[in-house]
Each structure stands twice: as C-alpha cells, then as structure tokens.
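Notes follow once the structure below has been shown.
The values are calculated or read from the model by the stated rules, or taken from the named source; none is laboratory data. What you see is a predicted model; the values in this text were computed from it and never measured. Positions of Cβ are generated from backbone atoms using ideal geometry, with glycine treated the same way; all protein chains shown enter the neighbour counts.
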Amino acid sequence: MLLLAVDTSGKFGGIALARCDDDTCDVVETVPLVGGTFSAQLVPQIAELLSKHGSAKRDIGAFAVATGPGSFTGLRVGLAAIQALAEVLGKPIAGISLLEAIASASSVTGRVLALMDAGRQEVFAGTYEIVPKSRDVRAIDERLARIDELEPAKGEHIVTPDQNVSDFLLRKGVKAEVIHRPGTDSLAHLGWRKILAGDTVPPEQLEANYIRQSDAEIFSKTQGLS
C-alpha cells in the first residue's frame, strides 16, 4: 500500500511517500517544502512525487498528516489538501501530533515530556508513556506552558528538538535530550502504526491541534470582554 505523509506545520515542511505492508513501512522518498509557499507547492509536489515513482493519486491507500502544534496558516494548507484527497479516494487518515512524534523519537521508554518552542517564553508540552518493547506511544496530556514555570514530574524524561529550550532548562539544572525535529519519514512510520491499529479519522473529522489560540482569536475574545 502507498502511504502519503505531509507536514506543513512549521517554517519548513515536507512530503514522504512510503510503501507499507503488514509490519513494514519503507519510505521511498521525501521531498522538502519551504514555508510561506505551501499552498503553491504542496499539490504539484505530491503529483510530481507520485509520477516520479510510477504512481497516481488513485494509488494512495492511506494518509498521515501532522496536525500541529505549529503555524496556523501552514497547518490549514496541509490538512485541507489531505482532507480533499482522502475524501475523493475514500482512504483513511492518521493525524499525528508533532509532540507525539518527538516523544516517539526519544531514546527511552516510560514517561516522556516532549517540548517544542512556542515563542513568547512558552513551550508546547506533551506528556506521554512510551511502552517498552512495542514502543507504542500513549498520550497523557498536551498543553501550553511558560518555560520558566515548567515543573517536570520526578523521573520524567524530557526530549526536545529545540536547543534553546534545552539550554534554558539546563540553566535551571534540568537536563533534556535534544533530537532532530521528526521529519515526514518519521510521520509515515507513526502514521502506518496508527493505521494498523485502526487509529484513524474520516476527512470531515480531521482537525488541527493548535494548542494555543491564534492572535486573531485572542484579540476577538479580548475585544468581546472590553
């Protein structure tokens, strides 16, 4: 089965095409995308990638997509494209939190706290349980927190792709494992595991996982209270 994975959550994104069968999922190729032009690049790049490997959109059997947290505009572009394709083709979608992908990339099992820089002295934080042997990822919670108020639980392993987050915590005497930000190859593997487990959503229920409200939403609510 062909699986298409898409991430348009950040300054840079990507597409991955993978061939998946039973317990194996081999990434055929990944293609980078540049933020700010996702809406212009995404659909043509998907078509070009499929054509390059002798396939067409109708050959896609499943989708994996980053649901956030991340750029409001970028996420909308990626999710809308996957929703449209999945609806036309009648294929399943695995929505993947980037915090879950970060936790999954950790070197340990047990309780893991995944952190992403959210700007404004804040972090996106997700607490997960990584199951030994299977390395299944079980979500406990996701939230927005001020980094100077963050208090990891005792024995909680911290992992982040952001060196500045790690440096800040280290000054507080808290160590974090620094990893590369998970790419679309990682999303493809995680997505396939979700699909095998039946953890999918229909197109109409696919939603972005913003965690933090947009500035426009905050302004609107503030105006309503004035």
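Assorted remarks:
- Residue ID - modelled with the highest pLDDT, chosen from residues in the stretch 128-152 that are farther than 26 Å from residue 190 by Cα and not in a helix (DSSP H, G or I): 146
- Residue within the stretch 72-81 that is outside any helix (DSSP H, G or I) and out of contact with any Phe, Trp or Tyr (no Cβ under 6 Å at 6 or more places or on another chain) present: no
- Filtering the stretch 84-127 to residues that are assigned to a helix (DSSP H, G or I) and either at positive phi or of a type outside the set (A, V, I, L, M, F, W, C) (or both) leaves 87, 100, 104.
- Note on the stretch 1-29: among residues that are assigned to a loop (DSSP other than H, G, I, E, B) and of a type in the set (Gly, Ala, Ser), the one that is farthest from residue 75 (Cα to Cα) is 10.
- Residue within the stretch 52-61 that is surrounded by 21 or more Cβ atoms within 10 Å (Cβ to Cβ), in contact with a strand residue (DSSP E or B) (Cβ under 8 Å, 6 or more places away or on another chain), touching a residue at least 12 places away in the same chain (Cβ under 8 Å) and not polar (S, T, N, Q) present: no
- Residue check for residue 66: surrounded by 15 or more Cβ atoms within 10 Å (Cβ to Cβ), closer than 19 Å to residue 181 by Cβ and at pLDDT 95 or above: yes
- Residues considered: 172, 194. Of these, the only one that is of a type outside the set (Gly, Ala, Ser) and assigned by TED's automatic domain parsing to the domain that holds residue 20 is 194.
- Residue in the stretch 44-60 that is of a type in the set (A, V, I, L, M), within 15 Å of residue 191 (Cα to Cα) and modelled with pLDDT of 95 or more present: yes
- Residue match in the stretch 75-91 (condition: at pLDDT 95 or above, within 26 Å of residue 135 (Cβ to Cβ), buried (at least 20 other Cβ atoms within 10 Å of the Cβ) and not aliphatic (A, V, I, L, M)): yes
- For the stretch 114-124, taking the residues that are small (Gly, Ala, Ser) and within 10 Å of residue 146 (Cα to Cα), the one that is surrounded by the fewest Cβ atoms within 10 Å (Cβ to Cβ) is identified as 119.
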